[in-house]
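Single-structure report; data block below.
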Amino acid sequence: MKTLKFDHNLAQLILAGKKNSTWRLFDDKDLSVNDDIKIIDKFDPKSPKTWTVVGQGKVNEIREKKLGLVTAQDMQGHESFNSMDSMLKTYQQYYGERVTFETPVKIIFFDFKPLSGDVPSPAMLLEEAKLYTDGGSRGNPGQSACAYVICDTHDAVVEKGGFYLGIATNNQAEYYGLQKGLERARELGINKITLLSDSQLVVNQMNGFYKVKNQELAPINQEVTALAGSFEKVSFVHVPRELNKEADREVNRILDHQQKRAKR
């Protein structure tokens, strides 16, 4: 389930039934109508241990327009502003000076049902994380899988996942690991990512040091680049394979399982 995190005062407005919408700039949430969401109250933004899930909801409408074109109707269920200039300054405080009246904004309306005492998972509490990814192919191309491992900034594992891909090359599988990991991080509301991979080719391509000459990699490279742009900060770092053992184990676990199924 995807998450939306709110400062305490805004979460209290949601609980009081006075707020049922949120505005998101720079497409930092890949939300769609009918998506289920968890609402998290960041009681003390600097102390994730104080955060709680106050309820869950469902997205029932999404409007997209330029910030300077929002209307009073768009502000229903949302905190209001004294003027358009006041609204602009508020969002510049969140996102920086790159915000202008021409900036696209997603206006997300949701239903809300309060919950009592629900505790967010450790992954939901992260604003910043390390994301280890890996991909492998037995045959190149051959049976392939990818995996991600989400860690806090001290390298404690908080969540991991893996996917069987079917027939693909090693480099395609590596890219799918990036894609799946970033998609999950965005669902969890993590804003800052240090992505670590043992694929020097993929890391250098994502950093713009190498050109993407292989036409099979070009589409997934473009997709991952667009996905990375939806975060506040993403950096791509190459690490030796011995520092990426957890994601590598997950890839091999999936491929071993697939091989056993094929022999039955």
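The values are calculated or read from the model by the stated rules, or taken from the named source; none is laboratory data. Here the structure is a predicted model, which means the values were calculated and not measured. FYI the Cβ positions are ideal-geometry reconstructions off the backbone, even for glycines, and counts take in every protein chain you see.
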Please give the number of the condition Glu127 fails out of (1) surrounded by 14 or more Cβ atoms within 10 Å (Cβ to Cβ); (2) over 26 Å from Val149 (Cα atoms); (3) of a type in the set (Asp, Glu); (4) out of contact with any strand residue (DSSP E or B) (no Cβ under 6 Å at 6 or more places or on another chain).
(2)
How many residues are over 23 Å from Ile190 (Cβ atoms), hydrophobic (A, V, I, L, M, F, W, C) and surrounded by fewer than 16 Cβ atoms within 10 Å (Cβ to Cβ) when one looks only at the range 136-178?
1
Which residue pairs have Cβ atoms under 6 Å apart, sit 6 or more places apart or on different chains, and have a first residue in the range 38-58 that is touching a residue at least 40 places away in the same chain (Cβ under 8 Å) and a second that is of a type in the set (Ser, Thr, Tyr)?
Lys38/Thr3; Ile40/Thr3
Cβ-Cβ under 7 Å, sequence separation 6+ or interchain: first residue in the range 135-162 and of a type in the set (Ser, Thr, Tyr), partner part of a loop (DSSP other than H, G, I, E, B). Which pairs?
Ser137/Thr169
One residue is enough: does the range 154-163 have a residue meeting the conditions acidic (Asp, Glu), within 16 Å of Pro240 (Cα to Cα) and assigned by TED's automatic domain parsing to the domain that holds Phe231?
yes
Name the residue, out of Ile14, Ile40, Ile108, that is surrounded by 15 or more Cβ atoms within 10 Å (Cβ to Cβ), assigned to a helix (DSSP H, G or I) and of a type in the set (Val, Ile, Thr).
Ile14
May I ask you to list the residues in the range 224-260 that are in a strand (DSSP E or B) and either modelled with pLDDT under 95 or not β-branched (Val, Ile, Thr) (or both)?
Lys233, Ser235, Phe236, His238
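Could you tell me whether the range 75-86 includes any residue that is closer than 23 Å to Gly96 by Cα, assigned to a loop (DSSP other than H, G, I, E, B), touching a Ser or Thr at 6+ places or on another chain (Cβ under 8 Å) and in contact (Cβ under 8 Å) with a residue 24 or more places away in the chain?
Taking the range 75-86 and keeping what is closer than 23 Å to Gly96 by Cα, we get 75, 78-86.
From what's left, assigned to a loop (DSSP other than H, G, I, E, B): 75, 78-83.
Within this subset, residues satisfying the condition of being touching a Ser or Thr at 6+ places or on another chain (Cβ under 8 Å) are 78, 81.
Then keep just the ones that are in contact (Cβ under 8 Å) with a residue 24 or more places away in the chain; that gives 78.
Within the range 75-86, one or more residues are closer than 23 Å to Gly96 by Cα, assigned to a loop (DSSP other than H, G, I, E, B), touching a Ser or Thr at 6+ places or on another chain (Cβ under 8 Å) and in contact (Cβ under 8 Å) with a residue 24 or more places away in the chain.
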